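A quick write-up on the structure given underneath.
The values are calculated or read from the model by the stated rules, or taken from the named source; none is laboratory data. Just so it is clear, the structure is predicted and the values come from calculations on it, not from any experiment. Methodologically, a virtual Cβ is constructed for each residue, glycine included, from the backbone with ideal geometry; neighbour enumeration extends over all protein chains shown. The area values use the complete protein model at the heavy-atom level, side chains included, leaving out ligands, DNA and RNA. Shrake-Rupley method; radii C 1.70, N 1.55, O 1.52, S 1.80 Å.
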Amino acid sequence: MADNVTLTIDGKAVSVPKGTLIVEAAKTIQNDIPVFCYHPKLAPVGMCRMCLVEIGRVQKDRATGQPVLDDAGQPKVAYGPKLETACTTPVEEGMVVVGASSKVTEARDDILEFLLTSHPLDCPVCDKGGECPLQNLTLAHGPGQSRFLFDEKQRLAKRVPLGDLIYLDRERCIQCARCVRFQDEVVDDHVLSFFERGRRMEIITFSEPGFDSKFSGNTTDICPVGALTTTDFRFGARPWELNNAASICTECPVGCNTTLNTRREAAAGGQTVIKRVLPRQNEQVNEIWLCDKGRFGHHFAGSPDRLTTPLVRQGGELKEATWDEALKLAGEKLKAAGAGLIGLAGDRASNEDLFNFRQVVSGLGGRAVLNSRMGGGEQVQEVGVGVGTNFSAMGKGTAILVIASDLEEEAPIWWLRVKQAAERGATLIVANGRATKTDRAAAYQMRYPYGHEVGTVLNMLVTGSSEAADAFAKAENAVILFGHEGLDLAGSSALAQACANLLIATNHYGRPNNGLIAVWPHSNTMGAWDMGLRPEAGVLPRGQATWIMAADPVGDGVISAADLRAAGFVVVQELFRTATAEAADVVLPAAAWAEREGSYTNGERRVQRFYPAVTAKGKPDYQIVAEIGARVGVSVPQHAAAVMRAIAEAVPAYAQVSYPALAQVTAQWPDVGGRDPYYGGTAYENKQGLGAQTPTTAERGGTVAAHKLTAPAPVEGNGLTLVPTTVLYDRGTTFRRALLMHSHVLLPYVELNPADAARLNIQDGDQVTVTVNGRTASVAARVSGRAPAGVALMPSDLGPAVPAAAVSATIQKG
């Protein structure tokens, strides 16, 4: 409290930390000073002047610096001759702020009248109507009538595509610069700017393609007027017509909290559909932000390609069947397989799905396997980041190591939060075989030849080996985020152990803001490990029966359809008729995440609950598994909450996890999503649950120890080193059905260094043949400086199957 100062705002005393802005101090006592340009996540600029207030300061003796006292012994307060902006002025001891005087009221009236002189009168058709700060503040503080002539209003373009996802109405823009500042300050994508001056000032984009940012949708949330709208929601519905359901993003391991806005529509046959996805505040996970994949990728749930009826193979063809027929056949065949049963589960399934799946497969004597090519789950369970970890609390005194991961492509919100931690003073160390966007914020950049990831970390165990190693060892807190770029299951497992060894050696585990984070490939990979599933190197279904849930090994190139069919009877639970489903004997339609309830565990081991928002087209996977289990004599719960209770009993780390616990909330700051959308934007207040972090083995008092490691052999061969990479906009099972995003999904390509391309006589855009271990693929060539010399970068999720680990490859033109 020593650093607190006490002031009075509209007659009410308030104590806040020194340096707090007046607008924030007022917020703590529910005094909502109106703002347009100010946003709690952006640097204050005082552009709109809507927050003008009268400020009185304690008079001080110039000689002594002590307060001047009046006859009653109280400090004298002198008011300035002019109003001041509450959004840029820090509080002072004894300050008196007046926001309800006639002088302030007149000023706010004038500001609104000036804004409205160039603003169109189209509230009845504006998408922002009903949640519009300008509309609300005009009603609360505006003049009620205009002295400006309608014919003299500024006429500007009303449908300007900044990109294919965001439209700009230039007449509605009030030049608050929130969108420009967000792109510059928060996400470091300098793609928007002001053009012209005065009443002709307008927002422009100068990137190619337009508004080239993975976070563009956030600008529509924080825009205080209807100037920025999203392509999929523009003129789609009015805010008061929408229902909302709390959910969790399924696109990456961050686990962003979202709100699904829904409405029944005649165009959908009277069904409830998702109209838009908005962020739900969780300051420990995604704050109030979403990446564009999470915001716009939801459209797969409403795809006409969804499976809605069970399919059974008859006469060599899949034909529609009843649920009873399909479940009966599946149960008979799976039970008959016994120990010959292979269960393959995907890591986009929920905790409840995965737990039930493993229980039933194991109960039949079979083997349940995780469909993943990344290891390290055991190390995260042992020395993962401590309970209470929050990137927002990281700054000076914290070291963050990011290795083998392109964070912006793999976990965009983590990239954003790691960058901001570095801006607050955290020491960011980036280790990779190539440059990534994370390098921009790094204090140290470590380059290694692909195949030397483990050795790079082990070298950091040697005192004095590098400045980066010393900075990491000496830091008060340290976190490691490891990925799997260029690594297969064995390589990523070894890297995870090397990282764990480093954390143990430097005593950076077992407490908040210290430990290990895996940049997993999917939303619930961590949960799959916690539910007891493990990936197996080169696992191909070989048994009397194969049961596949939420995975597409045929589409991923892990196994051919012919080999899968030859392996025995195949049962598939899926949303779509994937390549794997086409090879099955029984196909059972699953419900999408938006159609059911359940939980995911994100990369920071935070278990989070999601709720049903729309009508289900299939059954939840946990329910399908339970119904099969009932037919084969293996009983598991059929309701989500009951499954979670069973998980809490069976998994020590989840002992305190329950649906009521996951639904608990506490007050968050800044206070976003409340009664004043002008302050924080349209992000939702979190009323449905902040989730719960599971404790690590170390935190539960278990023993953790470093393990001796031998660095994997480097890549050998005479060709280029082909490195599998990850791109955010992929051709995965679900995202490829989000038609709105198709223009962002690239065709398959391989990226070459200019020197290598010149040596091979390859030009940018040429069609080339990539040969690895006798297998060939024809893709386009991209020539840039992103690929190091001797290395070819090829996304693993855009088309042709790419080896999991870096490997020698031959690339030829034609």
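With distances taken between every two different alpha-carbon atoms, region 386-469 has a Kirkwood hydrodynamic radius of 13.2 Å.
Across region 49-59, coupling constants 3J(HN,Hα) worked out from phi with the 6.51/-1.76/1.60 Karplus curve, θ = phi - 60°, read 6, 5, 8, 4, 9, 8, 10, x, 10, 5, 6 Hz, and Gly and Pro carry x. Relative to the longest principal axis of the Cα atoms of the chain, the long axis of helix 102-117 lies at roughly 60 degrees.
Basic side chains Lys and Arg get +1 at the Cβ, acidic Asp and Glu get -1 at the Cβ, and with that the dipole of region 425-561 about its Cα centre reaches some 140 debye. Scan around ALA478 for amide H atoms under 5 Å from its own, H built in the peptide plane at 1.01 Å from N, and keep only partners 5 or more places away or cross-chain. It is ALA399, GLY515, by chain and number. Classify region 56-187 as rounded, prolate or oblate from the Cα gyration tensor: take a ≥ b ≥ c as the square roots of its eigenvalues, call it rounded if a/c is under 1.5, otherwise prolate when a/b beats b/c and oblate if not. Here region 56-187 falls in the prolate category. Each part reduced to its alpha carbon centroid, region 56-102 and region 413-442 end up 42 Å apart. Projected onto planes of every orientation and averaged, the convex hull of the alpha-carbon atoms in the chain covers 39.6 nm². Sequence-ordered 3J(HN,Hα) estimates for region 657-666 from the Karplus curve with 6.51, -1.76 and 1.60 and θ = phi - 60° stand at 8, 8, 4, x, 5, 5, 8, 6, 10, 10 Hz, glycine and proline given as x. Taking the Cα centre of the chain as reference, the dipole from Cβ charges on Lys and Arg (+1) and Asp and Glu (-1) amounts to some 480 debye.
Size descriptors for region 489-590: radius of gyration and Dmax over Cα atoms are 17.9, 53 Å. Split the accessible area of region 175-270 by element, probe 1.4 Å, and carbon with sulfur accounts for 49%.
Measure off, as a whole percent, the carbon and sulfur share of the 1.4 Å-probe accessible area of region 456-530, all protein chains present.
Whole-percent figure for carbon plus sulfur exposure: 50.
Out of every Cα-Cα pair that region 293-345 contains, those further apart than 19 angstrom amount to 53 percent. Amide H to amide H under 5 Å from LEU428: which residues, 5+ apart in sequence or cross-chain, H placed 1.01 Å off N in plane? Result for LEU428 returns ILE400, ALA443, TYR444. Just the protein heavy atoms count here, and of the accessible area of region 5-58 at 1.4 Å, carbon and sulfur take up 51 percent. Accessible surface of TRP520, taken over heavy atoms with a 1.4 Å probe and every protein chain present, rounds to 10 Å².
Cross-link pairs exceeding 29 Å in C-alpha to C-alpha distance, out of LYS18/LYS60; LYS474/LYS708; LYS82/LYS158; LYS76/LYS396, comprise LYS82/LYS158; LYS76/LYS396.
Each residue of region 181-186 was assigned a 3J(HN,Hα) from its phi angle through the Karplus curve 6.51 cos²θ - 1.76 cosθ + 1.60 (θ = phi - 60°); the sequence is 5, 4, 5, 7, 8, 8 Hz, with glycine and proline shown as x. So what's the angle, to the nearest 10 degrees on a 0 to 90 scale, between helix 489-505 and the longest Cα principal axis of the chain? Helix 489-505 sits at roughly 50 degrees to that axis.
Rolling a 1.4 Å probe across the protein heavy atoms gives the chain an accessible surface of 39 Å² per residue. Volume per residue for region 1-124 equals 149 cubic angstrom (convex hull of Cα atoms).
Looking only at Cα atoms, what is the convex hull volume of region 423-469 per residue, in Å³?
Considering the Cα atoms of region 423-469, their hull volume per residue is 68 Å³.
As a quick test, which of the pairs LYS27/LYS103; LYS128/LYS275; LYS214/LYS293 have an alpha carbon distance above 19 angstrom in this structure?
Details: LYS27/LYS103 21 Å; LYS128/LYS275 14 Å; LYS214/LYS293 8 Å.
Cα-Cα > 19 Å for LYS27/LYS103; rest within.
Can you tell me the 0 to 90 degree angle between the C-alpha axis of helix 412-423 and the longest principal axis of the chain, rounded to 10? Approximately 50 degrees, to the nearest ten.
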